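Trainee: Sharing a structure here in C-alpha coordinates format.
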(Lines give C-alpha, C1' and ligand atoms only; values in the text may rest on other atoms or scores of the structure.)
Protein backbone atom coordinates (compact mmCIF):
# COMPACT_ATOMS: atom_id res chain seq x y z
CA UNK A 1 0.00 0.00 0.00
CA UNK A 2 1.37 3.41 -0.99
CA UNK A 3 2.17 5.77 1.84
CA UNK A 4 0.03 8.85 2.11
CA UNK A 5 1.93 12.08 2.65
CA UNK A 6 0.26 14.23 5.30
CA UNK A 7 0.87 17.98 5.24
CA UNK A 8 0.50 19.58 8.68
CA UNK A 9 -2.45 21.96 8.99
CA UNK A 10 -0.19 24.66 10.41
CA UNK A 11 1.93 24.59 7.27
CA UNK A 12 -1.17 25.01 5.07
CA UNK A 13 -2.41 27.97 7.11
CA UNK A 14 1.00 29.65 7.06
CA UNK A 15 1.20 29.17 3.29
CA UNK A 16 -2.01 31.19 2.85
CA UNK A 17 -0.81 33.90 5.21
CA UNK A 18 2.61 34.02 3.53
CA UNK A 19 1.30 35.34 0.19
CA UNK A 20 0.38 38.86 1.41
CA UNK A 21 3.26 38.67 3.90
CA UNK A 22 5.76 38.18 1.06
CA UNK A 23 4.42 41.27 -0.70
CA UNK A 24 4.52 43.32 2.52
CA UNK A 25 8.03 42.20 3.51
CA UNK A 26 9.40 42.91 0.03
CA UNK A 27 7.92 46.40 0.35
CA UNK A 28 9.54 46.92 3.75
CA UNK A 29 12.89 45.74 2.38
CA UNK A 30 12.67 48.10 -0.57
CA UNK A 31 11.78 51.06 1.67
CA UNK A 32 14.67 50.37 4.05
CA UNK A 33 17.10 50.25 1.14
CA UNK A 34 15.80 53.59 -0.13
CA UNK A 35 16.11 55.17 3.31
CA UNK A 36 19.69 53.98 3.70
CA UNK A 37 20.60 54.78 0.06
CA UNK A 38 22.15 51.32 -0.29
CA UNK A 39 23.28 50.33 -3.83
CA UNK A 40 21.05 47.23 -3.81
CA UNK A 41 17.30 46.57 -4.14
CA UNK A 42 16.09 44.69 -1.07
CA UNK A 43 12.69 43.81 -2.52
CA UNK A 44 13.01 40.13 -3.44
CA UNK A 45 14.29 38.61 -0.18
CA UNK A 46 10.76 37.78 0.98
CA UNK A 47 10.08 36.02 -2.33
CA UNK A 48 13.00 33.74 -1.51
CA UNK A 49 11.79 33.35 2.08
CA UNK A 50 8.23 32.54 1.03
CA UNK A 51 9.47 29.90 -1.39
CA UNK A 52 11.77 28.32 1.19
CA UNK A 53 9.01 28.12 3.79
CA UNK A 54 5.81 27.56 1.83
CA UNK A 55 6.83 26.47 -1.65
CA UNK A 56 7.15 27.85 -5.18
CA UNK A 57 3.63 29.15 -5.70
CA UNK A 58 3.55 31.13 -2.46
CA UNK A 59 6.88 32.83 -3.25
CA UNK A 60 5.95 33.48 -6.88
CA UNK A 61 2.44 34.83 -6.22
CA UNK A 62 3.56 36.92 -3.24
CA UNK A 63 6.48 38.36 -5.18
CA UNK A 64 4.36 39.10 -8.24
CA UNK A 65 1.70 40.72 -6.04
CA UNK A 66 4.33 43.08 -4.61
CA UNK A 67 5.27 44.29 -8.09
CA UNK A 68 1.63 44.75 -9.10
CA UNK A 69 0.97 46.87 -6.01
CA UNK A 70 4.06 48.99 -6.70
CA UNK A 71 3.12 49.39 -10.37
CA UNK A 72 -0.36 50.59 -9.45
CA UNK A 73 0.76 52.98 -6.72
CA UNK A 74 4.35 54.15 -7.20
CA UNK A 75 6.23 53.01 -10.29
CA UNK A 76 3.58 53.29 -13.00
CA UNK A 77 1.58 50.56 -14.72
CA UNK A 78 4.26 49.39 -17.23
CA UNK A 79 6.44 48.35 -14.28
CA UNK A 80 4.14 45.37 -13.61
CA UNK A 81 6.42 43.33 -15.90
CA UNK A 82 9.05 43.27 -13.16
CA UNK A 83 6.72 40.88 -11.39
CA UNK A 84 8.01 38.24 -13.80
CA UNK A 85 11.48 38.78 -12.34
CA UNK A 86 10.15 37.94 -8.89
CA UNK A 87 8.61 34.78 -10.34
CA UNK A 88 12.03 33.89 -11.75
CA UNK A 89 13.53 34.39 -8.27
CA UNK A 90 10.98 31.90 -6.92
CA UNK A 91 11.89 29.43 -9.69
CA UNK A 92 15.59 29.68 -8.87
CA UNK A 93 14.88 29.24 -5.16
CA UNK A 94 12.67 26.21 -5.84
CA UNK A 95 15.49 24.75 -7.93
CA UNK A 96 17.92 25.33 -5.07
CA UNK A 97 15.59 23.41 -2.75
CA UNK A 98 15.47 20.51 -5.20
CA UNK A 99 19.26 20.49 -5.53
CA UNK A 100 19.84 20.72 -1.78
CA UNK A 101 21.62 24.08 -2.03
CA UNK A 102 20.05 25.51 1.10
CA UNK A 103 22.71 24.68 3.69
CA UNK A 104 24.91 27.65 4.58
CA UNK A 105 27.49 25.26 6.02
CA UNK A 106 28.21 23.99 2.51
CA UNK A 107 30.33 26.34 0.32
CA UNK A 108 28.47 25.22 -2.81
CA UNK A 109 25.36 26.98 -1.51
CA UNK A 110 26.96 30.44 -1.72
CA UNK A 111 28.79 29.63 -4.95
CA UNK A 112 25.54 28.61 -6.65
CA UNK A 113 23.79 31.68 -5.22
CA UNK A 114 26.37 33.95 -6.85
CA UNK A 115 26.08 32.10 -10.17
CA UNK A 116 22.29 31.77 -10.40
CA UNK A 117 21.04 34.87 -8.57
CA UNK A 118 24.00 37.14 -9.29
CA UNK A 119 25.12 36.22 -12.82
CA UNK A 120 22.35 34.31 -14.62
CA UNK A 121 19.29 36.13 -13.24
CA UNK A 122 20.60 39.55 -14.44
CA UNK A 123 20.66 38.27 -18.02
CA UNK A 124 16.87 38.19 -17.87
CA UNK A 125 16.47 41.55 -16.12
CA UNK A 126 18.96 43.21 -18.48
CA UNK A 127 17.08 41.93 -21.52
CA UNK A 128 13.78 43.06 -20.03
CA UNK A 129 15.15 46.49 -19.19
CA UNK A 130 16.53 47.08 -22.67
CA UNK A 131 13.62 45.56 -24.59
CA UNK A 132 10.85 47.36 -22.73
CA UNK A 133 12.46 50.43 -21.16
CA UNK A 134 15.42 51.20 -23.40
CA UNK A 135 18.11 50.31 -20.88
CA UNK A 136 20.67 52.88 -19.78
CA UNK A 137 22.14 53.81 -16.40
CA UNK A 138 20.21 53.08 -13.23
CA UNK A 139 19.22 55.92 -10.94
CA UNK A 140 21.47 54.53 -8.19
CA UNK A 141 24.87 56.35 -8.26
CA UNK A 142 27.25 53.38 -7.91
CA UNK A 143 25.75 51.11 -10.61
CA UNK A 144 25.29 54.17 -12.84
CA UNK A 145 29.00 54.93 -12.50
CA UNK A 146 29.82 51.30 -13.29
CA UNK A 147 27.57 51.51 -16.36
CA UNK A 148 29.31 54.67 -17.58
CA UNK A 149 32.79 53.23 -17.03
CA UNK A 150 31.93 49.97 -18.82
CA UNK A 151 30.32 51.78 -21.74
CA UNK A 152 33.26 54.16 -22.07
CA UNK A 153 35.84 51.35 -22.01
CA UNK A 154 34.04 48.83 -24.22
CA UNK A 155 31.49 50.79 -26.21
CA UNK A 156 29.11 47.86 -25.71
CA UNK A 157 25.65 49.04 -24.63
CA UNK A 158 24.40 45.56 -23.72
CA UNK A 159 27.51 44.73 -21.71
CA UNK A 160 27.32 48.04 -19.85
CA UNK A 161 23.73 47.30 -18.85
CA UNK A 162 24.61 43.76 -17.77
CA UNK A 163 27.67 44.76 -15.74
CA UNK A 164 25.74 47.42 -13.85
CA UNK A 165 23.02 44.83 -13.20
CA UNK A 166 25.38 42.27 -11.69
CA UNK A 167 27.02 45.01 -9.60
CA UNK A 168 23.72 45.32 -7.73
CA UNK A 169 22.35 41.81 -8.04
CA UNK A 170 25.33 39.86 -6.69
CA UNK A 171 25.34 41.61 -3.29
CA UNK A 172 21.55 42.08 -3.22
CA UNK A 173 20.52 38.53 -4.02
CA UNK A 174 23.27 36.77 -2.05
CA UNK A 175 22.48 38.85 1.04
CA UNK A 176 18.75 38.28 0.49
CA UNK A 177 19.27 34.53 0.08
CA UNK A 178 21.39 34.25 3.23
CA UNK A 179 18.91 36.28 5.31
CA UNK A 180 15.99 34.19 4.01
CA UNK A 181 17.82 30.93 4.76
CA UNK A 182 18.64 32.02 8.31
CA UNK A 183 15.02 33.00 8.99
CA UNK A 184 13.59 29.88 7.34
CA UNK A 185 15.92 27.63 9.34
CA UNK A 186 14.39 28.97 12.53
CA UNK A 187 10.79 28.24 11.53
CA UNK A 188 9.46 25.07 13.21
CA UNK A 189 9.39 22.15 10.78
CA UNK A 190 5.64 21.68 11.21
CA UNK A 191 5.07 25.04 9.49
CA UNK A 192 7.38 24.40 6.55
CA UNK A 193 6.30 23.16 3.12
CA UNK A 194 9.12 24.36 0.88
CA UNK A 195 12.30 22.94 2.41
CA UNK A 196 10.36 19.91 3.67
CA UNK A 197 10.67 18.52 0.14
CA UNK A 198 14.44 18.63 0.35
CA UNK A 199 14.33 16.65 3.58
CA UNK A 200 12.01 14.07 1.99
CA UNK A 201 14.36 13.63 -0.97
CA UNK A 202 17.34 13.13 1.32
CA UNK A 203 15.40 10.68 3.50
CA UNK A 204 14.14 8.78 0.47
CA UNK A 205 17.62 8.41 -0.95
CA UNK A 206 19.26 7.25 2.25
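Trainee: Could you say which residue among 1, 99, 21, 112 is at pLDDT 95 or above and surrounded by fewer than 17 Cβ atoms within 10 Å (Cβ to Cβ)?
Mentor: After ruling out the rest, the residue left standing is 99.
Trainee: Return yes or no: is residue 23 more than 13 Å from residue 194 (Cβ to Cβ) and free of Cβ contacts under 8 Å to residues at least 24 places away in the same chain?
Mentor: no
Trainee: Only residues that are farther than 17 Å from residue 166 by Cβ and within 14 Å of the chain's Cα centre (by Cα): list them for region 22-44, please. Let's see the steps before the verdict.
Mentor: We begin by selecting, within region 22-44, every residue farther than 17 Å from residue 166 by Cβ; these are 22-37, 43.
Result: 22, 23, 25, 26, 27, 29, 30, 43.
Trainee: Of all residues in region 108-163, count the ones that are touching a helix residue (DSSP H, G or I) at 6+ places or on another chain (Cβ under 6 Å) and not in a helix (DSSP H, G or I).
Mentor: The total comes to 3.
Trainee: Another one. Considering only region 85-95, I want to know if a residue exists there that is more than 22 Å from residue 192 (Cα to Cα) and either at pLDDT 95 or above or touching a strand residue (DSSP E or B) at 6+ places or on another chain (Cβ under 6 Å) (or both). Steps first, please.
Mentor: Kept after step one, since they are more than 22 Å from residue 192 (Cα to Cα), are these residues of region 85-95: 85.
Among the residues that remain, those that are also either at pLDDT 95 or above or touching a strand residue (DSSP E or B) at 6+ places or on another chain (Cβ under 6 Å) (or both) are: 85.
Yes, because at least one residue in region 85-95 is more than 22 Å from residue 192 (Cα to Cα) and either at pLDDT 95 or above or touching a strand residue (DSSP E or B) at 6+ places or on another chain (Cβ under 6 Å) (or both).
Trainee: For region 134-143, what are the residues that are surrounded by fewer than 17 Cβ atoms within 10 Å (Cβ to Cβ) and touching a residue at least 12 places away in the same chain (Cβ under 8 Å)?
Mentor: 136, 137, 141, 142
Trainee: In addition: State all residues of region 60-86 that are more than 16 Å from residue 28 (Cα to Cα), surrounded by 19 or more Cβ atoms within 10 Å (Cβ to Cβ) and touching a residue at least 24 places away in the same chain (Cβ under 8 Å); if no residue qualifies, say none.
Mentor: Hits for region 60-86 are 60, 61, 82, 85.
The values are calculated or read from the model by the stated rules, or taken from the named source; none is laboratory data. All of these numbers come straight from a predicted model, not from anything done at the bench. Reconstructed Cβ throughout: ideal geometry from the backbone, glycine too, with neighbour counts over all protein chains shown.
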